[in-house]
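Notes follow the structure.
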Amino acid sequence: MMPSIGTYAVRQAVTPQYDEDTRKALESQRNSVAKALDRKRRLGQYAVVWKDGKSVYIGPNPPDPKEPAHSGPAQR
């Protein structure tokens, strides 16, 4: 049974137990992603992240979602 505050149920976070190597790998991955997102923010670039089951743009100047994506080779 979930504890409640008033009429709202409170979810308790369940933290899985990982072995030491897995924990270090996850920590390294989180740090790398944080650094990459911070770098994009400082450079004024947008990023694509997964949120609520779909990909979303964060940051300034995202592409217009109504325009088709270019999948051909880069043009010079």
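Looking across segment 39-59, the residues that are of a type outside the set (Val, Ile, Thr), under 16 Å from the mean Cα position of the chain (by Cα) and open to solvent by 60 Å² or more (accessible area, probe 1.4 Å) come down to Arg39, Lys40, Arg41, Gln45, Tyr46, Trp50, Lys51, Asp52, Lys54, Ser55, Tyr57.
Does segment 3-15 include one or more residues that are β-branched (Val, Ile, Thr) and at pLDDT 90 or above? The answer is no; no qualifying residue exists. Listed by first and then second residue, the pairs linking a residue in segment 18-42 that is farther than 21 Å from Asn61 by Cβ to a residue that is loosely packed, with under 10 Cβ neighbours inside 10 Å and modelled with pLDDT of 95 or more, with Cβ atoms under 6 Å apart and 6 or more places separating them unless they lie on different chains, form an empty list.
The values are calculated or read from the model by the stated rules, or taken from the named source; none is laboratory data. Given the structure is predicted, the values throughout are model-derived calculations rather than measurements. Quick reminder, even Gly has a Cβ in these numbers, built from the backbone with ideal geometry, and neighbours come from all protein chains shown. Areas reflect the complete protein model, heavy atoms only, side chains present, ligands, DNA and RNA absent. Shrake-Rupley method; radii C 1.70, N 1.55, O 1.52, S 1.80 Å.
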